[in-house]
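Okay, so here's the structure we're looking at.
Throughout, read-outs are computed from the coordinates displayed, never taken from laboratory work. Quick caveat: nothing in here was measured; it's all calculated off a predicted structure. Please note: Cβ atoms are built from the backbone with ideal geometry, for glycine as well, and neighbour counts cover all protein chains shown.
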């Protein structure tokens, strides 16, 4: 079935470091791709999305590009802040006309001052 | 900003008991969802609901589960006879429509602990 694989955490970085969180998806159809973020004690919030190949989603300094050739949607940020500490989830539409989302396991990001 | 709200935030129940998790979706949204996340595992789709009926469900959503929109405001998930393995964080979500650019808004989740 359809799946999303993202790098295991926790990922610990110093403030102002460059961030990459890898995400790959199974190549069934042409799903929309998403990154959701969960700050401590809060629900899942959409961070960014891309709906077709080569689209770049961006928000709050984060970016991810829909790469069909590598079936990837890696999340990047040039300079992380302590406030970026959260759990990040990569997700895709489940496909086959279904509108549920298929999520990765989540990556816990810890930014140290 | 409108938000999806879920109650309670944490529920502890004994194995075999029925439990109802409650959600209030955003008021002008038409599509509603439940997801769950067992500790340390991925967020899994359970069910979607539109026009007062289930439109899609996963293999996890067996006869022990049911959903309802009893009053046009609340959207509930009922687990008829809870098992230890039902312990998880349950997320409710809603969308205005199903177009690809329409975001799903999630609630803060209800942590269900079955003892």
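So what is the relative contact order for segment B:6-115, in percent, with contacts set as C-alpha pairs under 8 Å and at least six apart?
Relative contact order comes out at 38 percent.
Summarise the partner chain shielding of A:68-81 as one whole number: the mean count of Cβ atoms from other chains within 10 Å of each residue's Cβ.
0
Residues of A:85-92, mean number of Cβ from any other protein chain within 10 Å of their own Cβ, rounded to a whole number?
Mean partner-chain Cβ count within 10 Å for A:85-92: 1.
Within a 10 angstrom radius of the beta carbon, how do B:32, B:75 rank from fewest other beta carbons to most?
B:32, B:75
Relative contact order (percent) for segment A:26-106, with alpha-carbon contacts under 8 angstrom and 6 or more residues of separation?
29 percent
Between residue A:20 and residue B:7, what is the label-point separation in nm under the 7 Å Cα-to-beta-carbon projection?
The modelled label-to-label distance comes out at 4.7 nm.
Could you give the C-alpha radius of gyration of segment B:52-110 expressed as a fraction of 2.2 N^0.38 Å, taking N as the number of residues it contains?
With N residues counted in segment B:52-110, Rg over 2.2 N^0.38 Å equals 1.26.
What number do you get for segment B:1-93 when its Cα radius of gyration is normalised by 2.2 N^0.38 Å, N = residues?
Ratio of Cα Rg to 2.2 N^0.38 Å: 1.04.
Can you tell me the mean projection area, over all orientations, of the convex hull of chain A's alpha carbons? Units nm², please.
Computed as one quarter of the Cα hull surface, the answer is 6.6 nm².
Can you give me the convex hull volume of the Cα atoms of segment A:50-92, divided per residue and expressed in Å³?
In segment A:50-92, the Cα hull volume divided by residue count equals 75 Å³.
Determine the shielding of peptide A:99-108 by partner chains: average, over its residues, the number of Cβ atoms on other chains within 10 angstrom of each Cβ.
6
Taking 0.36 nm per intervening residue step and subtracting the Cα-Cα distance, what contour gain separates residue A:59 from residue A:39 on full extension?
Full-extension gain reported as 5.7 nm.
How many angstrom separate the Cα center of segment B:51-69 from the Cα center of segment A:27-96?
When both Cα centres are located, 27 Å separates them.
Could you quote the convex hull projected area for the protein assembly as shown, Cα atoms only and averaged over all directions, in nm²?
In nm², the orientation-averaged hull projection of the protein assembly as shown is 12.3.
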